[in-house]
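Asks: Below is a structure I'd like to ask you about.
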Amino acid sequence: MIKASDFGNDFVWGVATAAAQIEGAAETYGRGASIWDTFSKRSGKIKKGHQPIVACDFYHRYKDDVALVKMLGFGVFRFSISWSRIFPLGDGAVNPEGIAFYHRLIDECLAQNLVPYITLYHWDLPQALEDEGGWTAYSINDSFNIFVTFCAREYGDRVKNWIVLNEPFGFTSLGYMLGIHAPGKTGLTNFFSAVHHAAIAQADGGRILRAEVKNAHIGTSFSCSEILPYTQSDSDLLAAKRIDCLMNRMFVEPLMGLGYPTADWDVLEKFAVQHSTWRHTERLTFEFDFIGIQNYFPLTIKYNAFIPVVQAWEVKAANRKKPHTAMGWEINPDSFINIIKQYAAYPKIKSLMVTENGAAYHDKVSEHQVHDEARIAYFEQHLAALLKAKQDGLNVTGYMAWTLTDNFEWAEGFNARFGLVHTDFKTQERIVKDSGHWFQKFLNR
Ligand code: IFM
């Protein structure tokens, strides 16, 4: 049985959350609408028509939830700031009630001896900015920089740990290419311009934090998946390479000063030729103190001539049978380590931290308990693999479980449960699941 102390005294243990998924109070206390408020009101966009208006009611229950983080034994609480709670219209006038809420939350963390990690952007763009083009518009970078500067000056005296963006691949691909997340835009042109503005935002954000926050520890986080070719044929290998560019490399390499991986995907080269700012490597580069890795599954990729642009398709692996979570995501701790190693190989990475990892299951409440053995096994296996990799020399400095309470899982609504704590969305009652109790024991040993 592994235990937290095996990872060393300096290893950071946290639990991660995001404002739009937990806070609620979406239409009160001066908050402006975010793209998720608007999107979730559109018919058919969210499973069962769920909306994040109340969510976990964290806005009102933050003290109890922070106490749960403490009780489970974590040292870090990661949360994000709702941009439209601070700037209801994205920039311009601020909302004093919103500003005060995060002061209360930070104070509560510090009072409980928890280290706050703030994510600046976890997908909930102010609707007012989306109306001006959102992440596809160059003006987003000015507004984002105003927001980052404000938060850094307001909270930077007490918060030293910052994460600029959460999963740029996630919000640009699902929200601006496939249209299945807010704001529901589609197409390659929207996608690539969103990718580029997000790349500028992450580097600019890092620079602003460095200038504004004394002794800051600054990171940004990436969703990343190991991309496995279906066979060793040239066509499958090249298809896998293109998807690796699309899902992983295109987001991290500009940051490392390497520019976009245009040599390995001709579509990127075409965009770079058309848009001169794509070659402005200097603005896209920033040396973060840590890179956040968020991994949930690997993908097996096969060449498919009928798929436009990437000519690649995800298929079931021919040579490995692995279990899946309730989201249909393959559980594969080896692959979790492989993708961390892929990122660790970039020469400019100072350190890596797992800033999200977890699993959704169809939990059942019985006699006030949730026996989620599958989730416990998931954490045990991933942490055992991580410990081994760390002992073998991988520079990983922390792990944050996704997530504290069951919450609003974007297009899945409240139907996908990832929490260590069960949420009854009618009564807001919390029940610590067996996986929460498991963490409590693991962290205290
Ligand atoms: O819930 C999300 C989170 O907001 C971003 N990373 C993946 C999680 C599970 O889908």
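Values in this text are rule-based calculations from the coordinates and carry no lab data. The structure presented is a predicted model; accordingly, all values stated were derived computationally and were not measured. Neighbour counts are summed over all protein chains in view; Cβ atoms, including those assigned to glycine, are modelled from backbone coordinates with ideal geometry.
Asks: Report ³J(HN,Hα) in whole Hz for each residue of segment 76-84, in order, from the Karplus equation J = 6.51 cos²θ - 1.76 cosθ + 1.60 where θ = phi - 60°; Gly and Pro get x.
Replies: Calculated HN-Hα couplings, in order: 10, 10, 9, 9, 10, 9, 6, 4, 7 Hz.
Asks: Only Cα pairs under 8 Å and at least 6 apart count here; give the relative contact order of segment 356-445 as a rounded whole percent. If you can, show how the numbers build up before the last one.
Replies: Numbers: 113 pairs, mean separation 30.1, N = 90.
After rounding, I find 33 percent.
Asks: Also: By how many nm would the segment from ARG153 to LEU110 lengthen if fully extended, with 0.36 nm per residue of separation less the alpha-carbon distance?
Replies: Length gained, ARG153 through LEU110: 13.7 nm.
Asks: Continuing with this model, one more query. Any chance you could list the semi-axes, whole Å, largest first, of the equivalent ellipsoid that the Cα gyration tensor gives for the chain, using √(5λ)?
Replies: On the way: eigenvalues 179, 149, 99 Å².
Here the semi-axes work out to 30, 27, 22 Å.
Asks: For segment 1-120, what does the convex hull of the Cα positions come to per residue, in cubic angstrom? Before the final figure, lay out the partial values.
Replies: Details: hull volume 15.3 nm³, N = 120.
Enclosed volume per residue, from the Cα hull, is 128 Å³.
Asks: Out of residues 5 or more away from HIS217 or on other chains, whose amide H comes under 5 Å of its own, with H placed 1.01 Å from N in the peptide plane?
Replies: Result for HIS217 returns ASN161, TRP162.
Asks: 5 Å is the cut-off here: which amide hydrogens, built 1.01 Å from N in the peptide plane, fall below it relative to GLU356, excluding neighbours closer than 5 in sequence?
Replies: ILE293, ASN295, MET400
Asks: Okay, next question. Around LYS348, which amide H atoms from residues at least 5 apart in sequence, or from another chain, sit under 5 Å from its own amide H, with H modelled in the peptide plane?
Replies: Amide H to amide H, under 5 Å and 5 or more residues apart or across chains, LYS348 pairs with nothing.
Asks: In terms of Cα to Cα distance under 13 Å, which aspartates and glutamates are near enough to LYS433, apart from those fewer than 8 places away along the same chain?
Replies: Within reach: ASP363, GLU367, ASP372, GLU373, ASP406, ASP424.
Asks: How charged is the neighbourhood of ALA263? Take every other residue with its Cβ under 14 Å from the Cβ of ALA263, and add Lys/Arg as +1 and Asp/Glu as -1. Please list the in-between numbers first.
Replies: On the way: positive: LYS241, ARG242, ARG249, LYS270, ARG279; negative: ASP244, GLU253, ASP264, ASP266, GLU269.
Once all neighbours under 14 Å are counted, the net charge is 0.
Asks: OK, next. Taking neighbour counts of Cβ atoms within 10 Å as a proxy for exposure, in what order, fewest first, do LYS321, LYS388 appear?
Replies: Final ranking by Cβ density, sparse to dense: LYS321, LYS388.
Asks: While we're looking at this one, here's another question. Roughly how big is segment 13-81's charge dipole about its Cα centre, with Cβ charges of +1 (Lys, Arg) and -1 (Asp, Glu), in debye to the nearest 20?
Replies: It comes to approximately 260 debye.
Asks: Further question: Just to check I understand the Karplus step: with θ = phi - 60° and J = 6.51 cos²θ - 1.76 cosθ + 1.60, what whole-Hz values come out for segment 375-392, glycine and proline as x?
Replies: 5, 4, 4, 4, 5, 4, 5, 5, 6, 5, 5, 5, 4, 4, 5, 5, 5, 7
Asks: Filter LYS63/LYS426; LYS241/LYS302; LYS348/LYS388; LYS241/LYS316 down to the pairs with a C-alpha to C-alpha distance above 21 Å, please. Display every interim value, and only then the final one.
Replies: On the way: LYS63/LYS426 19 Å; LYS241/LYS302 11 Å; LYS348/LYS388 23 Å; LYS241/LYS316 17 Å.
LYS348/LYS388, as the Cα separations exceed 21 Å there.
Asks: Taking 8 Å as the Cα distance limit and 6 or more residues as the minimum spacing, I'd like the relative contact order of the chain as a percentage.
Replies: Details: 915 pairs, mean separation 78.8, N = 445.
Contact order relative to length: 18 percent.
Asks: Take the Cα coordinates of segment 193-313, assign each an equal point scatterer, and use the Debye formula without solvent to give log10 I(q)/I(0) at q = 0.12, 0.22 Å⁻¹.
Replies: Debye intensities relative to I(0), on a log10 scale: -0.50, -1.23.
Asks: May I ask you to list the lysines whose Cα is less than 17 Å away from that of LYS45, ignoring any residue fewer than eight positions away on the same chain?
Replies: Candidates past the 8-residue exclusion: LYS185.
Asks: While we're looking at this one, here's another question. If we count other beta carbons within 10 Å of each Cβ, what is the order of CYS109, CYS56, fewest first? Working shown, then result.
Replies: Working: CYS109 22, CYS56 27.
Listing CYS109, CYS56 from fewest to most nearby Cβ atoms yields CYS109, CYS56.
Asks: Taking other Cβ within 10 Å of each residue's Cβ, how do TRP36, TRP438, TRP402 sort, fewest first? Could you put the intermediate results ahead of the total?
Replies: Details: TRP36 29, TRP438 19, TRP402 22.
Taking fewest neighbouring Cβ atoms as first place, the list is TRP438, TRP402, TRP36.
Asks: With the dipole of segment 201-282 worked out from charges on the C-beta (+1 for Lys and Arg, -1 for Asp and Glu) around the Cα centre, which of GLY206, TRP265, SER221 lies farthest toward the positive end?
Replies: Positive-most Cα among the choices belongs to GLY206.
Asks: So what's the gap between the Cα centers of segment 317-387 and segment 215-245, to the nearest angstrom?
Replies: Cα centroid to Cα centroid, the span is 17 Å.
Asks: Taking segment 141-243, which GluC sites (Glu not before Pro) meet the DSSP loop condition and have no more than 16 other C-beta atoms within 10 Å?
Replies: Numbers: sites: GLU154, GLU212, GLU226; in loops: GLU226.
For GluC sites (Glu not before Pro) across segment 141-243 that sit outside H, G, I, E and B with at most 16 neighbouring Cβ atoms in 10 Å, the list is empty.
Asks: While we're on this one: Report ³J(HN,Hα) in whole Hz for each residue of segment 55-62, in order, from the Karplus equation J = 6.51 cos²θ - 1.76 cosθ + 1.60 where θ = phi - 60°; Gly and Pro get x.
Replies: Each residue of segment 55-62 in turn: 6, 9, 6, 4, 3, 8, 9, 4 Hz.
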